[in-house]
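Chemist: Dumping the structure here so I can ask a few things about it.
Throughout, read-outs are computed from the coordinates displayed, never taken from laboratory work. As the structure is a computational prediction, the values presented were derived from the model and not from experiment. Note: ideal-geometry Cβ built from the backbone for every residue, glycine included; neighbour counts use all protein chains shown.
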Amino acid sequence: MEEFLNRINTPSKLKRLPVFHSCDAFSFRSILKDREINTQLCNVYKGENLVYFFYGKPAYRVNDEYNTRLKSFYPISLILKENALEDVKRIMPFDSGAFHFGLFKDYLHPKMTLSDFELNGSMDNTRKIVHYFFDTNKNYFLSNPKKDTKVDPLDFEVESYLELINSKQIQKVDDRKSIIEIQNNSSVSLTADNVLSIIIPDTLLVNPKVESFINELNIEPILYSDQGHYSIGNLENFYSLTEELLSENKLL
């Protein structure tokens, strides 16, 4: 797929979107302590230590199989400026984990592998994907692909990608089919210069360590009500809250 994108000019007028790192509250506690998002040994790219981000929206499903009152499961998303990532290993047009675990197999030739879709670490590739397949940032955010995308007959990966992002089987592949994934080689320190905001449940804000973290970064947190339990409904709040943020900053 990289060969295909190399034939496309980078859209100069398409605004850059922030990047999102989503985790549950249990993992956030370590981020809070270290003031950085640390790499972890990846279970998809075996032997590689990576940290994952997503372009323009927090579509990673954190613990979506649980419905619990435990606050450790509550989803949190850190929103960073794109230039916070200085050591990008590769970019994928979708969630590599969903691909690895077979969620996209109905749209792929059986010999296709992740490497067929890998893109180099240039952040221009994010805007190329948005422009060519979705046209606008808003369409990308809403997972609304263009209907008239042209494909060379031998661009089999692009054909599969188009079938995937146009799929209506939401329950099966959800937004992971069209979220742009960014893999960073090194840990990312969190500073007032590179953090835009954080989406966090309001019940955690009363903790003095969380309060200190937010004040140190000089950010305005985006709060959601935990509703007394964690469920997929919390994740749905993420989308509306993120859309508001991006719209206010004239990025959609």
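Chemist: Straight distance only, please: which aspartates and glutamates reach the Cα of Lys177 with their own Cα at less than 18 Å, same-chain residues fewer than 8 apart left out?
Modeler: Glu2, Asp64, Asp95, Asp106, Asp116, Glu118, Asp135, Glu157, Glu159, Glu163, Glu236
Chemist: Using helices alone, what [θ] at 222 nm do you get for the chain, with -39,500 (n - 2.57) per DSSP H run of 4 or more residues, divided over all residues and rounded to the nearest 500? Present the calculation step by step, with values, prior to reporting the outcome.
Modeler: Values: 9 runs with 72 residues, N = 252.
Mean residue ellipticity, 222 nm, calculated: -7500 deg cm²/dmol.
Chemist: Within segment 1-96, list the chymotrypsin sites (Phe, Trp or Tyr not before Pro) lying in a DSSP loop whose Cβ has at most 13 other Cβ atoms in a 10 Å radius. Please list the in-between numbers first.
Modeler: Values: sites: Phe4, Phe20, Phe26, Phe28, Tyr45, Tyr52, Phe53, Phe54, Tyr55, Tyr60, Tyr66, Phe73, Phe94; in loops: Tyr45, Tyr60, Tyr66, Phe94.
Loop-located and lightly packed - Tyr66.
Chemist: Around Tyr224, which amide H atoms from residues at least 5 apart in sequence, or from another chain, sit under 5 Å from its own amide H, with H modelled in the peptide plane?
Modeler: Long-range HN contacts for Tyr224: Ile200, Asp202.
Chemist: State the answer as a single residue: which of His100, Ser143, Val188 lies farthest towards the positive end of the charge dipole of segment 90-190, with beta carbon charges of +1 for Lys and Arg and -1 for Asp and Glu, about the Cα centre.
Modeler: Ser143
Chemist: Can you list the HN-Hα couplings for segment 152-162, worked out from phi with the Karplus curve (6.51, -1.76, 1.60; θ = phi - 60°), rounded to whole Hz and with x for Gly and Pro?
Modeler: 5, x, 9, 7, 5, 5, 5, 4, 5, 4, 5
Chemist: Given H placed on each backbone N at 1.01 Å, which residues far from Leu14 in sequence or on other chains put an amide H within less than 5 Å of it?
Modeler: none
Chemist: Out of residues 5 or more away from Leu196 or on other chains, whose amide H comes under 5 Å of its own, with H placed 1.01 Å from N in the peptide plane?
Modeler: Result for Leu196 returns Ile79, Leu80, Lys81.
Chemist: Let me ask you something else. Students often get this wrong, so try it: which of (1) 112; (2) 124; (3) 139 is volume of the Cα convex hull per residue in Å³ as calculated from the structure shown?
Modeler: The calculated read-out lines up with (2).
Chemist: Of the listed peptides 150-161, 122-133, what is their order by residue-averaged count of other C-beta atoms within 10 Å, with the highest listed first?
Modeler: 122-133, 150-161
Chemist: Additional query: Pairs of Cα atoms under 8 Å, at least six residues apart: use those to get the relative contact order of the chain, whole percent.
Modeler: 31
Chemist: While we're here: Between helix 232-248 and the chain, what is the angle of the helix's C-alpha long axis to the longest principal axis, kept within 0 to 90° and rounded to the nearest 10?
Modeler: That helix lies at roughly 80 degrees to the long axis.
Chemist: Angle, helix 25-34 long axis vs. longest principal axis of the chain, Cα atoms, 0 to 90°, nearest 10?
Modeler: 80
Chemist: Can you tally the lysine pairs in segment 33-143 where the Cα-Cα distance is under 23 Å and the two residues are eight or more apart, or on different chains?
Modeler: 15
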